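**Q** Before we start, here is the structure in question, set down as structure tokens.
The values are calculated or read from the model by the stated rules, or taken from the named source; none is laboratory data. Worth saying up front: this structure is predicted, and the values here are computed from it rather than measured. Cβ: placed from backbone, ideal geometry, glycine included. Neighbour counts: every protein chain shown. Areas reflect the complete protein model, heavy atoms only, side chains present, ligands, DNA and RNA absent. Shrake-Rupley method; radii C 1.70, N 1.55, O 1.52, S 1.80 Å.
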Amino acid sequence: MESLILKYVLLIIAGIFSGIMGTAVGLASVISYPSMLAAGLSPIVASVTNIVGFAFSNMSAVASSQRELKGRGKTILKVVIFAGLGSAIGSLILLKSSNKSFADIAPVVIMLSGLLIMWPKSKKQQTETHLSLWGKALTAIALTVVGMYLGYFGAGGGILIMAILLRALNESYAVDNAIRNVMSLVMNWISAIIFIFTIQINWPVLITLTIGLIIGGYIGPAIVRHIPSNIMKYGVGILAILLAIYLGIKTY
């Protein structure tokens, strides 16, 4: 009985830190996913439980980000449409996937995301207020593909979204992060609805983890708001690269 209580207490703590990491940096799965594996869940069930839990974490993050989201409805709508479509496709792919495929793809995705975040913009890109037609098409394709990945697995997907938004939008890190949280909210709920009716979910673990995720999800955007954009940008990029190296060594 005591070990069971300790297990759920640790899941709540993991949820809080995952919520902060997810809504501030985009790396929530780094904490929550291993925590659920340690709790005895299989990789696919852990991933599904993770995504459903994040849907609630994103709700609290969006509630905490109203200052950054004000007046940006059109931009949010555009990015959400493409990412949401990709998320639905990715979720359906997940239902036919093997456990082994999860571990193989995450290090590559996270490494590319970290490099893209730190890759400097040209002077022209820094002053542009609107993307070219080619830039808009490329961003739409990238968001759809990322949505598929998030619906399929999700580890490192949040940081990949940040990489795309930081390249496509000339906004502060805090604003891009708030938009990412809205995107994640929509994509995770699309995936969650599909999963709830099609695959096994460990409800005791989900409910326990979600308590922490909601708390952490609200704290994350508040932290980002008070840290300079460049510090967040390069800090996240370096963290992603180090994590990718660690996961790569562990996986391959």
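**Q** Pairs only if they're at least six apart or on different chains, beta carbon under 7 angstrom, first in segment 178-204 and closer than 12 Å to residue 65 by Cβ and in contact (Cβ under 8 Å) with a residue 40 or more places away in the chain, second in a helix (DSSP H, G or I) and hydroxyl-bearing (Ser, Thr, Tyr); list them, first residue then second.
**A** 179/75; 181/23
**Q** So which of 223, 201 is more than 13 Å from residue 58 (Cα to Cα), over 16 Å from the mean Cα position of the chain (by Cα), β-branched (Val, Ile, Thr) and open to solvent by less than 60 Å² (accessible area, probe 1.4 Å)? Give the steps one after another, and end with the answer.
**A** Details: 223 fails: open to solvent by less than 60 Å² (accessible area, probe 1.4 Å).
After ruling out the rest, the residue left standing is 201.
**Q** Looking for whichever is part of a helix (DSSP H, G or I), at pLDDT 75 or above, open to solvent by 30 Å² or more (accessible area, probe 1.4 Å) and under 18 Å from residue 28 (Cα atoms) here; the options are 59, 148. Which one fits? If you could, list the steps in order and put the result at the bottom.
**A** Numbers: 148 fails: at pLDDT 75 or above.
None of the other options fit; the residue is 59.
**Q** Scan segment 203-224 and give yes if some residue there is under 24 Å from residue 52 (Cα atoms) and of a type in the set (S, T, N, Q), otherwise no.
**A** Checking segment 203-224: at least one residue is under 24 Å from residue 52 (Cα atoms) and of a type in the set (S, T, N, Q).
**Q** Oh, and also: Do you know which residues across segment 68-85 are surrounded by 15 or more Cβ atoms within 10 Å (Cβ to Cβ) and outside any helix (DSSP H, G or I)?
**A** 72, the sole residue that qualifies.
**Q** On to the next question. I'd like to verify a number: residues in segment 15-28 that are buried (at least 24 other Cβ atoms within 10 Å of the Cβ) and farther than 24 Å from residue 229 by Cβ, how many?
**A** Looking only at that region, the number is 1.
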